[in-house]
């Protein structure tokens with residue numbers, strides 16, 4: 001991208017990963033003992049909507065042979081709203097509160113669409129999508145998917161220019177296909193239309209895929225997910241401080257950080273392989 005990014009932008013990237021990881025860990029550990037029949041029905045509806053969007057998108061991609069990175073980002077963005085509702089639904093409050101909070105958060109997102117609100121909504125959506133994907137993806141599939149996408153980014157999608165062009169194309173309409181990390185503090189409170197300053201653009205898939213593994217690790221023991229969140233944050237910190245963001249290597253750094261966490265868990269004799277999902 002040919003520019004020097006500020007400490008604020010680089011630090012914001014780490015904070016986004018850390019907050020998303022903590023939120024995912026918290027929600028994944030909840031037993032849902034308060035869930036009513038209405039809440040379970042609502043969760044099933046959201047689950048099938050997200051599944052239909054992803055499955056339909058995959059089917060169309062096979063038919064049209066549209067398998068580029070932008071296409072996959074578009075699929076996740078299409079399901080983002082329902083992911084946010086899913087995350088709100090599993091929080092420890094009554095069904096009525098879950099529905100009202102979903103309505104309120106959605107209205108705030110569309111009517112008061114600052115970069116801060118946008119990023120917070122995307123964190124919530126990414127957490128919800130991760131919780132949903134983890135409900136039916138085995139650990140091995142999620143792990144292979146993360147590694148595959150990381151390798152794909154390094155080998156086939158070296159340049160971030162495509163994602164940046166898409167961001168600039170959508171920003172006049174108040175939209176952005178992922179997170180926006182501006183260089184100046186005041187730009188966090190500005191509208192996305194237009195983006196007030198050159199910013200780091202972080203794709204949604206670069207957060208959703210790692211969060212799925214945090215959800216899976218939450219079922220091993222009480223503090224295994226904290227170790228994985230630590231690895232996630234470590235990888236994001238190294239990426240934030242070493243990268244010039246001209247190449248899409250976020251998943252590679254994050255995957256390496258999480259790999260360290262899994263190695264520590266295994267060496268600490270947490271019986272890592274005994275907790276793998278069947």
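The values are calculated or read from the model by the stated rules, or taken from the named source; none is laboratory data. What you see is a predicted model, and the numbers here were worked out from it, not measured in a lab. For neighbour counting, all protein chains shown are included, and Cβ atoms are generated from backbone atoms with ideal geometry for every residue, glycine included.
Things to note:
- Any chance residue 229 is modelled with pLDDT of 85 or more, farther than 13 Å from residue 14 by Cα and part of a helix (DSSP H, G or I): no
- Of all residues in region 147-166, none satisfies being modelled with pLDDT of 75 or more, at negative phi and part of a loop (DSSP other than H, G, I, E, B).
- Applying the condition of being under 26 Å from residue 219 (Cα atoms) and free of Cβ contacts under 8 Å to residues at least 12 places away in the same chain to region 137-155 and asking which residue is surrounded by the most Cβ atoms within 10 Å (Cβ to Cβ) yields 141.
- Filtered residue count, region 184-214, keeping only those that are in a loop (DSSP other than H, G, I, E, B) and either surrounded by 22 or more Cβ atoms within 10 Å (Cβ to Cβ) or at pLDDT below 80 (or both): 9
- Selection count, region 9-39, where residues are within 19 Å of residue 183 (Cβ to Cβ), out of contact with any helix residue (DSSP H, G or I) (no Cβ under 6 Å at 6 or more places or on another chain) and modelled with pLDDT under 90: 3
- Total residues in region 102-125, condition surrounded by 17 or more Cβ atoms within 10 Å (Cβ to Cβ), out of contact with any strand residue (DSSP E or B) (no Cβ under 9 Å at 6 or more places or on another chain) and touching a residue at least 12 places away in the same chain (Cβ under 8 Å): 6
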